[in-house]
Amino acid sequence: MSMKHLRHLILTLFLIPCLLGLTQNKTAGYLTEAYRFESTNSQVFSAYAGQAENSGLPRVSLFFKAIAKSASIHADNFQKVLSQMGVTVAPTTPAFTLKTPRENAEDAFSAVRTEAGIKYTEYLEQASADGEMNAAKALRWAKETEQQSLQLYTNVITAIANNSSSALPSLYWVCPKCGNLYDVPTPEKECSFCYTEREKFIKIQ
């Protein structure tokens with residue numbers, strides 16, 4: 001082997017782990033962003049719930065409690081995967097402004113639709129390409145469960161606008177594993193996303 005070829009081989013062997021490291025850092029960075037988003041949502045939605053309760057909208061408050069719990073589960077899932085990757089994330093302390101319950105619901109809908117529809121798609125593709133299967137699973141659960149829940153946001157916004165919030169569900173169930181939401185009296189026997197048994201669902205009433 002010539003000296004030129006040897007130098008090329010050494011350079012290649014040096015660059016491969018560096019490039020892999022950059023890719024893994026990108027996945028970890030995306031997952032960190034996702035953790036911060038969900039952690040922030042959990043805290044903000046809890047504040048929205050309190051405000052709705054004080055505004056005489058108990059069923060709107062119940063909805064915010066349910067989506068806050070779902071966001072908390074997503075954040076916990078992301079944090080667990082980051083820990084497995086050797087990444088430590090600091091707790092979030094979001095700054096936000098309370099608006100009217102309707103505006104709060106509209107802001108929540110807009111943020112979740114953007115995250116689940118655009119950002120999580122990019123994050124998921126990166127994690128899958130990198131072979132980070134645990135990260136991909138956590139992102140897929142968050143993306144798909146949040147996309148499915150968007151209709152619930154729309155229902156709440158419409159109910160507030162029509163002064164018919166008393167017709168909203170008085171009971172929600174949250175899957176403790178993937179964060180999927182159910183707004184029916186008796187959900188299916190197991191979660192359609194992660195197959196967790198109904199008996200383990202978190203009841204929010």
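The values are calculated or read from the model by the stated rules, or taken from the named source; none is laboratory data. Since the structure is predicted, the reported quantities are computational estimates derived from the model, not experimental observations. Note that we place each Cβ from the backbone using ideal geometry, even for glycine, and neighbour counts take in every protein chain shown.
In the stretch 49-107, which residues are aliphatic (A, V, I, L, M), under 20 Å from Y172 (Cα atoms) and in a helix (DSSP H, G or I)?
First, the residues of the stretch 49-107 that are aliphatic (A, V, I, L, M): 49, 52, 57, 60, 62, 66-68, 71, 73, 75, 81-82, 85, 87, 89-90, 95, 98, 105.
Subsequent filtering for residues that are under 20 Å from Y172 (Cα atoms) retains 49, 52, 57, 60, 62, 66-68, 71, 73, 75, 105.
A49, A52, V60, L62, A66, I67, A68, A71, I73, A75, A105 - these are the residues of the stretch 49-107 that are aliphatic (A, V, I, L, M), under 20 Å from Y172 (Cα atoms) and in a helix (DSSP H, G or I).
Candidates A135, A159: the one that is farther than 25 Å from F193 by Cβ, touching a Leu at 6+ places or on another chain (Cβ under 7 Å) and at pLDDT 95 or above is A159. Restricting the stretch 165-177 to residues that are surrounded by 12 or more Cβ atoms within 10 Å (Cβ to Cβ) and over 17 Å from the mean Cα position of the chain (by Cα) leaves a set whose member that is nearest to R140 (Cα to Cα) is Y172.
Just checking, does the stretch 138-152 include any residue being in contact (Cβ under 8 Å) with a residue 40 or more places away in the chain, out of contact with any strand residue (DSSP E or B) (no Cβ under 7 Å at 6 or more places or on another chain) and farther than 20 Å from Q79 by Cα? There is at least one residue in the stretch 138-152 that is in contact (Cβ under 8 Å) with a residue 40 or more places away in the chain, out of contact with any strand residue (DSSP E or B) (no Cβ under 7 Å at 6 or more places or on another chain) and farther than 20 Å from Q79 by Cα.
Scanning the stretch 153-174 for residues being farther than 16 Å from I73 by Cβ and not in a loop (DSSP other than H, G, I, E, B) gives a total of 12.
Would you point out which residue out of N134, N180 is surrounded by 20 or more Cβ atoms within 10 Å (Cβ to Cβ) and under 20 Å from S39 (Cα atoms)?
On the way: N134 fails: surrounded by 20 or more Cβ atoms within 10 Å (Cβ to Cβ).
Result of the check over N134, N180: N180.
Only residues that are buried (at least 20 other Cβ atoms within 10 Å of the Cβ) and either under 9 Å from the mean Cα position of the chain (by Cα) or basic (K, R) (or both) were counted across the stretch 78-92, and they come to 1. Being closer than 28 Å to K200 by Cβ, in a helix (DSSP H, G or I) and among the basic types (K, R) is a description that does not apply to K177. Residues that are in a helix (DSSP H, G or I) and touching a Ser or Thr at 6+ places or on another chain (Cβ under 6 Å) were ranked within the stretch 109-134; the one that is farthest from C175 (Cα to Cα) is Q126. Is there a residue in the stretch 195-205 that is modelled with pLDDT under 95 and surrounded by 14 or more Cβ atoms within 10 Å (Cβ to Cβ)? Checked against the condition, which is being modelled with pLDDT under 95 and surrounded by 14 or more Cβ atoms within 10 Å (Cβ to Cβ), the stretch 195-205 yields no hits at all.
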